[in-house]
1. Do any residues in the stretch 61-79 that are over 24 Å from residue 47 (Cα atoms) have Cβ atoms under 8 Å from those of residues that are within 12 Å of the ligand (Cβ to nearest atom) and at pLDDT 95 or above, where the two are at least six apart or on different chains, and which pairs are they?
2. How many residues does the stretch 234-253 contain that are touching a helix residue (DSSP H, G or I) at 6+ places or on another chain (Cβ under 7 Å) and part of a loop (DSSP other than H, G, I, E, B)?
3. Just checking: which of the strands (runs of 3 or more DSSP E) contained wholly in the stretch 125-233 hold 3 or more residues that are in contact (Cβ under 8 Å) with a residue 24 or more places away in the chain and either over 17 Å from the mean Cα position of the chain (by Cα) or farther than 22 Å from residue 79 by Cβ (or both)?
4. Here is a list of conditions, (1) in contact with a helix residue (DSSP H, G or I) (Cβ under 9 Å, 6 or more places away or on another chain); (2) surrounded by fewer than 17 Cβ atoms within 10 Å (Cβ to Cβ); (3) modelled with pLDDT of 95 or more, and residue 160 meets all of them except one; can you say which number that is?
5. Among the listed residues 152, 194, which satisfies the condition of being within 12 Å of the ligand (Cβ to nearest atom) and either surrounded by fewer than 20 Cβ atoms within 10 Å (Cβ to Cβ) or closer than 30 Å to residue 238 by Cβ (or both)?
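The values are calculated or read from the model by the stated rules, or taken from the named source; none is laboratory data. Treat the numbers as computed from the prediction; the structure is a model and nothing was measured. Every residue, glycine among them, receives a Cβ derived from its backbone with ideal geometry; neighbour counts consider all protein chains shown.
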Ligand code: DGL
């Protein structure tokens, strides 16, 4: 162990998406030190094979475990679906994953629920089990967000082309669904653009629930930070350019 990030929490995503989860984590746990790593050089994960995503995720997390992190949040639905069991059997630190917030949407009483996520998240067993468990009495409508993550990663989300992409993916559901689950951690950053297509219906994402689960797991393991000063956040990216880190910071500061 090298200890460069000793006792940090590692928050990982294929790119900038996990920052939507990071924001909930720092709100709930302001005294923790966090290292955020986005694998933007290899994004998007959602159109890769499961084996590729497992390998990329395993290698990234191994690096941070070697640097001494005390827990890891896989702030990526795709990587959680593909690799969480493998990570949990490989590393002894708490590994917290994310999943599309189907449960809270169903419990809130919605009956026609659009779940937008990557192709891989919607294809893998974890989602099918989730839809089966909570989808009774509700219609779960899966919609793969093909091409969406690429545009978010490039910061091109306020263009007519992006609106058209969303219109093509979602327009047919306008007026026909009563809630949307944002099943990819990139999508909270385009909530407004999705609402422009689907209208102002309720949105659900897993960020807050993940932060609560992280707190619970840290507490259970007796490793919550005991400090009373604010923690710090370090942003790292496999596409390690000043522009990329600036994009991450912009997402972190976004209202
Ligand atoms: N942010 C990721 C997720 O939650 C995946 C995006 C991607 O790389 O395809 O699924």
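1. Final answer for the pair search is 64/12.
2. 2
3. Qualifying strands (runs of 3 or more DSSP E): 139-144.
4. Of the numbered conditions (1) in contact with a helix residue (DSSP H, G or I) (Cβ under 9 Å, 6 or more places away or on another chain); (2) surrounded by fewer than 17 Cβ atoms within 10 Å (Cβ to Cβ); (3) modelled with pLDDT of 95 or more, the odd one out for residue 160 is (1).
5. Within the list 152, 194, the selection yields 152.
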